[in-house]
Amino acid sequence: MRKLTFLTITFITFFILGCTSEELTSARLYIQQKNWVKAEEFLLKALEMEPENQEVLYSLGKFIYAKKEDWQNMNKMFDRALSIDPEKVILLGGTVREYVEQTRYEHWSKIFNKGVASVKKYYEQGYKDGQITLKESIDFFETSVQIYPSEIQNYPILSRCYFEMGDSVRSIATVKKGAEISPDNFNINLTAGQILNNTNDKQGALPFLKHAVELEPHNSNAIQLLAQVYYDLGEQQDAIETYKIAIDEEEDKKVKADLYFNLGVIYNQMSEFDAAEEAFDEAYYLNDQDFEAVLGMAQAFEGLGDKYKDGTDGFEKNLTEAARWYRKAGRKIKDAMTIDYENEEKYTKQLELIQYKKNIVEGEQE
């Protein structure tokens, strides 16, 4: 969260800034006295007299419309002031841009932080009464967008809230709006990819994820999701190459083990069992408690046994080799059982299936 230097405004010094209209002079006094009704009256009169006076425009936005929480008119005044000359020095020496940004940020941060607290409460409740709490969060974030439309932090979190509420249309529209405002922001591109992927628009997710990886080439989360989307779109080779990049970039052993595991899954699905075995073996080497990697190796060995048994996919039928790979698969299932011992029944059923296949090929050999 960036920090801004707040500019203190004292109105005693207004009178040294040169000649102004009587209306603006009166408005300054009423602002100093916190008489907002009269301040508004004379600021509007001053605006008629000096429609290009950026102090008048800014003061209307800050002291009148912002106090009323009329964010539309606040920003209308601010935008008019900025359109004249954003670098014009007003009041006590700050530029129009600095004052506008300060005021927007001040009001935005209060509302945005309330939204963040509300989202946190939603998750801490374990989704109990979640619809009510999340609707509150959405209201806060929608208001924060009204206050500071160009603040990119609004869009990923609001999009996720819409998605959690089941409103995928507004979720997608919101995250795409954020991408239009800040096309080179990593977080908005990753969020857009995640939301579109979760709504099953894989093709739509792809350019956002590719750009996210371009922006942060070392982010394994983005690379991993990009690889999965490639795979879902049938672009398996791109998926494999992307996972390899992620593996090369990752330093955390556990995360790297997960990447190898996912690579192994893709190889298994492609029936490239030798490559799958190698990937799962690397995963297990990096995390010796990864029983799923051990099961992946068992699946690869079983797949090789099936190919030798049936003589498919370029494999010559060889029952001896089939039985050998089934035995190796059985041993890996037993290894997984020793790690994940609480699910012994599941592994027993898998062992029975492997034993059944092994018995068939050994029976054919006799």
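Of the helices (runs of 4 or more DSSP H) lying entirely inside the stretch 92-184, those containing at least 3 residues that are over 17 Å from the mean Cα position of the chain (by Cα) and more than 30 Å from L206 (Cα to Cα) span 96-124, 130-147. Considered as a group, the residues in the stretch 46-65 that are within 14 Å of T25 (Cα to Cα) and of a type in the set (S, T, N, Q) include one that is surrounded by the most Cβ atoms within 10 Å (Cβ to Cβ), and that residue is S59. Scan the stretch 304-321 and tell me whether some residue there is within 23 Å of Y285 (Cα to Cα) and within 42 Å of the chain's Cα centre (by Cα). Within the stretch 304-321 (the criterion being within 23 Å of Y285 (Cα to Cα) and within 42 Å of the chain's Cα centre (by Cα)), the answer is yes, since at least one residue qualifies. Scan (1) basic (K, R); (2) at pLDDT below 95; (3) exposed (fewer than 15 other Cβ atoms within 10 Å of the Cβ) for the single condition K68 breaks and write down its number. Only one criterion is unmet by K68, namely (2).
Every residue, every condition in (1) within 16 Å of the chain's Cα centre (by Cα); (2) buried (at least 19 other Cβ atoms within 10 Å of the Cβ); (3) part of a helix (DSSP H, G or I); (4) free of Cβ contacts under 8 Å to residues at least 12 places away in the same chain, yes or no:
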residue: N189; (1), (2), (3), (4): yes, yes, yes, no
residue: L196; (1), (2), (3), (4): yes, yes, yes, no
residue: Y243; (1), (2), (3), (4): no, yes, yes, no
residue: E251; (1), (2), (3), (4): no, no, no, yes
residue: L263; (1), (2), (3), (4): no, yes, yes, no
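One residue stands out in the stretch 98-142 among those that are among the charged types (D, E, K, R) and at pLDDT below 95: the one that is farthest from K67 (Cα to Cα), namely K128. Condition check for M74 on (1) modelled with pLDDT of 95 or more; (2) of a type in the set (A, V, I, L, M); (3) closer than 14 Å to S26 by Cβ: one failure, at (3).
For the stretch 198-219, a residue qualifies if it is assigned to a helix (DSSP H, G or I) and surrounded by fewer than 20 Cβ atoms within 10 Å (Cβ to Cβ), and the qualifying residues are N198, K202, Q203, G204, P207, K210, E214, L215.
The values are calculated or read from the model by the stated rules, or taken from the named source; none is laboratory data. Nothing here was measured: the structure is a model prediction, and the numbers come from that model. Neighbour counts are summed over all protein chains in view; Cβ atoms, including those assigned to glycine, are modelled from backbone coordinates with ideal geometry.
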